[in-house]
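Enquirer: The following block contains the structure, expressed as structure tokens.
The values are calculated or read from the model by the stated rules, or taken from the named source; none is laboratory data. Quantities reported herein were computed from a predicted structural model and do not represent experimental measurements. FYI the Cβ positions are ideal-geometry reconstructions off the backbone, even for glycines, and counts take in every protein chain you see. With ligands, DNA and RNA removed, areas are computed over all heavy atoms of the protein, side chains included. Shrake-Rupley method; radii C 1.70, N 1.55, O 1.52, S 1.80 Å.
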Amino acid sequence: MRKTIVSTVCLKALLVSVFVMGGTAATQAAPQDYVTAKGGTGQAGGRLVVALRSEPKTLNPILSVDATSREVIGAMNADLIHINRETQRTEPALAKSWSVSSDGRRYTLQLRRGVKFSDGAPFTADDVVFSFQLYLDENLHSPQRDLLVLDGKPIIVRKIDAYTVECELAKPYAPAERLFDGLAMMPSHLLEKPYREGKLEQTWATNAPAAEMAGLGAFRLREYMPGQRMVLERNPNYWKTDAVGNRLPYLTELTFIFVPNEDAQVIKFQSSETHVLERAGADNFALLQKDAKAKGQCLYDLGPGLEFLFLFFNMNHLDATKSPEITAKQAWFRDLQFRQAVSLAMDRKGMARLVYDGRATPIWGNVTPGNKLWLNTNLPHPERSLEQAKTLLQSAGFSWNASGALLDTQKRPVTFTILVSSSNAQRTKLATIAQDDLKQLGMDVHIVPMEFRALVDRVLNTKEYEAVLMNLVNGDVDPTPEMNLWLSSGETHLWDLGEAKPATPWEAELDHLMEAQMTTTDSAARKKLYDRVQELAAQNLPFIFLLSPNILVGAQATVGNFRPAILEPYALWNADQLFIRAAGAAKCQ
Amino acid sequence: MNKRRRTIFVVTLLAALHLFVIFPGFFAPYDYSAQERELPFAPPSPLHFVDAAGDFHSRPFVYSWKERPDSRGAYEEDRTQMFKVRLFAMGSPYVVVGPWTSRLHLFGVAAPGRIFLFGTDDFGRDEFSRMLYGGRISLFAGLLGAAVALFAGSALGVVSGYYGKWVDAVVMRLVELFLALPWLYLLFAVRAVLPLRIKTTDAFLLLVGVVGLVGWARPARLLRGIVLSAKERNFVLAARAMGASDLHILRRHVLPQTYGTMLTIAALLVPQFILAEVTLSFLGLGVGEPMPSWGNLLAELQKYSVLTSYWWMYLPAIALVVLFLAYQWTSAKLQEKVAVVNT
């Protein structure tokens with residue numbers, strides 16, 4: 001018994017491609033399954049310029065780690081199943097349909113026929129099998145490998161026929177479809193040889209000649225000038241069409257220029273040197289708004305993204321002889337009432353207003369309102385109350401001296417240090433507000449801005465810290481990437497790393513819930529499990545959740561079909577549909 | 001006469017600037033860390049004499065700022081209630097010296113009114129108060145740093161010039177070493193090895209110490225030169241021939257010849273070291289939030305949006321320029337005096 005999921009988009013695509021073929025059948029031997037992209041139609045031609053914060057480190061999808069490389073690679077490659085950035089759900093890409101076996105472990109994917117790489121070579125099941133071989137090769141250390149290994153067993157990918165592949169998982173895995181997103185399919189005809197020779201790590205570096213590269217994305221490489229720009233050109237073999245059957249992408253050229261700091265990016269956008277401002281800070285956003293209309297620029301506040309900012313305390317089990325100062329304070333940090341008092345004292349609204357110009361959303365849990373599918377809307381949002389906070393502290397045995405300083409049960413003054421990343425001015429500002437809020441409770445808080453890597457080293461390795469204000473960004477809306485965070489054995493179980501067994505009953509319950517949600521295939525049941533995770537996090541406050549900054553994006557009004565989303569890449573996820581309008585027809589969406 | 005008046009003016013200005021920042025608590029209407037979270041980047045409050053009804057008031061008054069309903073981050077005056085500026089008003093407590101605290105401020109307005117002479121910063125903190133408190137850190141870092149550098153520099157320079165030979169060689173090589181040090185990177189390194197959390201006073205003393213220690217080399221070289229020529233003067237030679245001790249000769253005959261130069265150097269070093277503090281704080285190496293210094297205040301201008309939108313955030317820079325000009329002018333005057341004395 002197999003359950004089949006065929007998207008309606010796909011069926012429509014089939015119909016349209018038949019229609020398209022009417023004109024092109026003579027030149028195309030194989031039948032073609034083009035996708036019809038949703039959304040408005042546009043005009044072909046034009047060049048789009050986008051500024052990137054740094055240069056891509058590599059163009060090899062197997063090796064890319066940094067966001068910039070991924071962004072450029074994303075424009076040049078395609079995956080089997082794609083997460084639609086707008087709906088946040090999966091949709092068919094190079095796989096036109098798929099089915100799941102009844103035990104939830106085997107996925108059978110039907111590939112699109114007649115799809116060609118940008119160099120004209122056909123795309124078949126061999127390329128899929130080869131691509132997975134690369135992602136799973138331990139010697140290549142692909143960052144995607146972790147996702148494809150369940151319980152220590154890698155996913156097995158088999159070719160059934162030229163257009164069918166089967167993927168076998170070690171155990172049922174609820175979000176399996178989402179795994180395929182971002183896994184670029186690679187041309188075996190170009191990469192097989194360097195791979196066999198053990199040279200894959202040197203292939204497709206940024207200086208690779210355009211002729212040696214091929215992808216399935218909307219664009220392909222034309223030229224790269226180190227320090228200046230990377231120019232991509234239209235892939236004539238791209239496998240999507242618009243609603244009236246025109247082959248996508250519309251743009252003939254997509255140019256990335258390298259502008260290392262945000263202010264400089266804003267200036268370039270202001271002066272219309274770039275078409276798209278991928279992510280603006282709130283202060284620059286306000287600045288741009290002043291004359292956006294006059295300059296023909298459209299600014300979008302997309303609301304909270306998937307990033308959340310929080311404060312957390314060191315609850316690691318430390319050696320009291322090595323770090324006596326920290327262990328002495330951990331009695332406070334482990335006291336739930338202390339953490340609740342801290343949370344109640346936080347002026348989240350003030351933080352949003354002062355640091356993000358109001359363009360951030362206060363949060364009381366780990367899932368931001370941007371995550372439409374998974375947010376537990378029943379979580380309480382306790383109002384800021386210094387009175388309640390003081391009552392809580394009092395019932396936990398704290399007291400105040402004559403000058404208002406908070407003392408613990410042993411009459412020691414409550415004082416601690418918050419570490420923040422020094423490269424992020426907003427983070428320091430948040431900490432300054434938190435410092436002032438906690439001063440109202442009589443706590444003497446110090447802020448230490450610190451180089452980001454040194455901070456991470458303290459959090460993950462030396463554990464020499466008292467409290468940290470930092471952020472986490474979920475790459476996907478699905479809860480599974482958070483396994484590492486919530487499992488008591490997780491690698492990013494920040495507040496108490498490397499617990500041999502759950503330190504508290506609620507952490508034990510979190511372990512159970514996270515394991516269960518991963519293998520539950522019924523989505524309503526999964527949601528229930530994850531709702532409980534959010535509830536536990538909000539009740540027990542391993543993190544004092546503060547804010548989720550809004551995603552702020554800008555585009556010139558001449559850019560058509562611009563539909564930014566809160567999942568990365570915010571602005572260019574539909575680069576294949578973007579087009580440049582005549583200046584007279586410019587308008588904001 | 002005119003020149004004399006100018007001198008008096010500059011010296012008074014310098015004295016006033018220093019007085020302001022020695023007692024910032026009195027001159028500032030608010031505490032440097034008091035946040036007014038509803039009023040980030042509010043512009044300076046204009047002083048009014050004529051009210052909405054057109055009546056004239058002999059005592060100036062201000063209106064409160066309120067956010068304009070039509071646009072975020074823009075303010076307008078709330079003309080419904082006026083707040084008279086009161087001299088010697090009672091306000092938030094501050095520390096005068098040691099345990100002595102006071103609530104008396106030079107001026108203020110009754111709550112809920114607020115007077116922001118120089119506007120507010122991104123936390124809604126009064127920029128004028130922060131400038132005064134910040135000046136205390138910056139000016140004193142400059143003064144103390146210069147004192148340390150001058151003391152160390154003149155001691156070593158005089159000894160080196162007077163005794164010559166191997167002492168001179170050692171000190172001068174040391175001077176060259178210190179001049180060649182990339183001191184900014186040295187400071188980064190020093191800050192990195194220090195414990196995470198240091199108290200504001202310790203951070204300040206550290207700043208002074210490091211700045212002074214690094215800055216002693218130039219004065220040392222200059223003073224060595226002066227001592228070299230001074231010790232060959234006839235009256236010095238005569239004193240030595242009469243059997244005066246080294247200490248006596250140094251104290252009575254050599255050192256007096258260096259005083260003029262020392263003063264001039266001091267007047268040059270102070271602004272230079274204020275600038276050093278500003279640079280360090282600008283880079284985040286000075287005193288930490290919420291304690292202001294002029295460098296911290298100016299660091300806000302690193303942001304493009306602040307740079308283009310809020311002109312009052314430049315005011316610390318203007319104060320710095322005024323102070324520098326006054327010091328430079330004083331230094332030039334002193335140099336003239338020294339030249340006159342030496343001829």
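Enquirer: Yes or no: A:Glu273 open to solvent by 10 Å² or more (accessible area, probe 1.4 Å) and away from chain B (no Cβ under 13 Å)? Reasoning before the result, please.
Expert: Working: open to solvent by 10 Å² or more (accessible area, probe 1.4 Å): yes; away from chain B (no Cβ under 13 Å): yes.
So A:Glu273 fits the description; yes.
Enquirer: Right, something else. Conditions first: (1) open to solvent by less than 20 Å² (accessible area, probe 1.4 Å); (2) under 28 Å from B:Val193 (Cβ atoms); (3) within 14 Å of chain A (Cβ to nearest Cβ); (4) in a helix (DSSP H, G or I). B:Gly286 passes all but one, so which condition is the exception?
Expert: For B:Gly286, the exception is condition (4).
Enquirer: Additional query: Can you find, within segment A:276-329, the residue that is farthest from the other protein chains (Cβ to nearest Cβ) among those that are without any contact (Cβ under 8 Å) to a residue 24 or more places away in the chain and among the β-branched types (Val, Ile, Thr)?
Expert: A:Thr321
Enquirer: Could I ask something else about it? Sort out which residues of segment B:1-45 are in a loop (DSSP other than H, G, I, E, B) and either more than 14 Å from every other protein chain (Cβ to nearest Cβ) or among the aromatic types (Phe, Trp, Tyr) (or both), and write them in order of number. Spell out how you get there, then give the answer.
Expert: So the first thing to find is which residues in segment B:1-45 are in a loop (DSSP other than H, G, I, E, B), and the list is B:1, B:23, B:28-45.
B:Met1, B:Phe23, B:Ala28, B:Pro29, B:Tyr30, B:Tyr32, B:Phe41, B:Pro43, B:Pro44, B:Ser45, listed by residue number.
Enquirer: To continue, here is another question. Answer with yes or no whether B:Ala53 is open to solvent by less than 50 Å² (accessible area, probe 1.4 Å), more than 14 Å from chain A (Cβ to nearest Cβ), free of Cβ contacts under 8 Å to residues at least 40 places away in the same chain and small (Gly, Ala, Ser).
Expert: It is false that B:Ala53 is open to solvent by less than 50 Å² (accessible area, probe 1.4 Å), more than 14 Å from chain A (Cβ to nearest Cβ), free of Cβ contacts under 8 Å to residues at least 40 places away in the same chain and small (Gly, Ala, Ser).
Enquirer: Taking segment B:66-117 as the search range and keeping residues that are within 14 Å of another protein chain (Cβ to nearest Cβ) and hydrophobic (A, V, I, L, M, F, W, C), which one is most open to solvent (accessible area, probe 1.4 Å)?
Expert: By that ranking, first place goes to B:Val95.
Enquirer: Next question. Name the single residue that is farthest from B:Ile137 (Cα to Cα) among those in segment B:22-38 being of a type in the set (A, V, I, L, M, F, W, C) and surrounded by fewer than 22 Cβ atoms within 10 Å (Cβ to Cβ).
Expert: From segment B:22-38, those of a type in the set (A, V, I, L, M, F, W, C) are B:22-23, B:26-28, B:34; that's our starting set.
Retained after the next criterion (residues that are surrounded by fewer than 22 Cβ atoms within 10 Å (Cβ to Cβ)): B:22-23, B:26-27, B:34.
Details: B:Ile22: 10, B:Phe23: 12, B:Phe26: 16, B:Phe27: 16, B:Ala34: 18 Å.
Once the filter is applied, the top-ranked residue is B:Ala34.
Enquirer: Moving on to the next point. Does B:Ile318 meet the test of being more than 14 Å from chain A (Cβ to nearest Cβ), under 22 Å from the mean Cα position of the chain (by Cα), of a type in the set (Val, Ile, Thr) and open to solvent by 50 Å² or more (accessible area, probe 1.4 Å)?
Expert: Yes.
Enquirer: Identify, please: which residue in segment B:234-251 is touching a residue at least 12 places away in the same chain (Cβ under 8 Å) and not aliphatic (A, V, I, L, M) and is, among those, most open to solvent (accessible area, probe 1.4 Å)? Walk me through it before giving the result.
Expert: Going through segment B:234-251, the residues touching a residue at least 12 places away in the same chain (Cβ under 8 Å) turn out to be B:235-236, B:239, B:246, B:249-250.
If we keep only those that are not aliphatic (A, V, I, L, M) too, we end up with B:235, B:246.
Values: B:Phe235: 94, B:Asp246: 64 Å².
In this case the residue turns out to be B:Phe235.
Enquirer: I've got another one for you. All but one of (1) open to solvent by less than 70 Å² (accessible area, probe 1.4 Å); (2) in contact (Cβ under 8 Å) with a residue 60 or more places away in the chain; (3) away from chain A (no Cβ under 14 Å) hold for B:Leu268, so report the exception by its number.
Expert: Among (1) open to solvent by less than 70 Å² (accessible area, probe 1.4 Å); (2) in contact (Cβ under 8 Å) with a residue 60 or more places away in the chain; (3) away from chain A (no Cβ under 14 Å), the lone unmet condition for B:Leu268 is (1).
Residue-wise test of (1) more than 18 Å from B:Gly215 (Cβ to Cβ); (2) in a helix (DSSP H, G or I); (3) β-branched (Val, Ile, Thr); (4) within 24 Å of the chain's Cα centre (by Cα).
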position	(1), (2), (3), (4)
B:Arg240	yes, yes, no, no
B:Gly260	yes, yes, no, yes
B:Ala266	no, yes, no, yes
B:Leu269	no, yes, no, yes
B:Glu277	no, yes, no, yes
B:Met291	yes, no, no, yes
B:Leu297	yes, yes, no, yes
B:Tyr314	yes, yes, no, yes
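Enquirer: In addition: Strands (runs of 3 or more DSSP E) wholly in segment A:415-482 with at least 1 residues that are crowded, with 16+ Cβ neighbours inside 10 Å, more than 10 Å from chain B (Cβ to nearest Cβ) and out of contact with any helix residue (DSSP H, G or I) (no Cβ under 8 Å at 6 or more places or on another chain) - which ones? Steps first, please.
Expert: On the way: elements: A:415-421, A:444-450, A:467-473.
The strands (runs of 3 or more DSSP E) meeting that bar number zero.
Enquirer: Follow-up. Given (1) under 28 Å from A:Asp263 (Cα atoms); (2) within 14 Å of chain B (Cβ to nearest Cβ), identify the lone condition not met by A:Thr368.
Expert: Against the list (1) under 28 Å from A:Asp263 (Cα atoms); (2) within 14 Å of chain B (Cβ to nearest Cβ), A:Thr368 comes up short only on (2).
Enquirer: Quickly run through segment A:336-385 and pick out the residues that are of a type in the set (D, E, K, R) and open to solvent by 40 Å² or more (accessible area, probe 1.4 Å). So that I can check it myself, show each step before the final result.
Expert: The first filter runs over segment A:336-385 and keeps only residues of a type in the set (D, E, K, R), leaving A:339, A:347-349, A:353, A:357, A:359, A:372, A:383-384.
A:Lys349, A:Arg353, A:Asp357, A:Lys372, A:Glu383, A:Arg384, listed by residue number.
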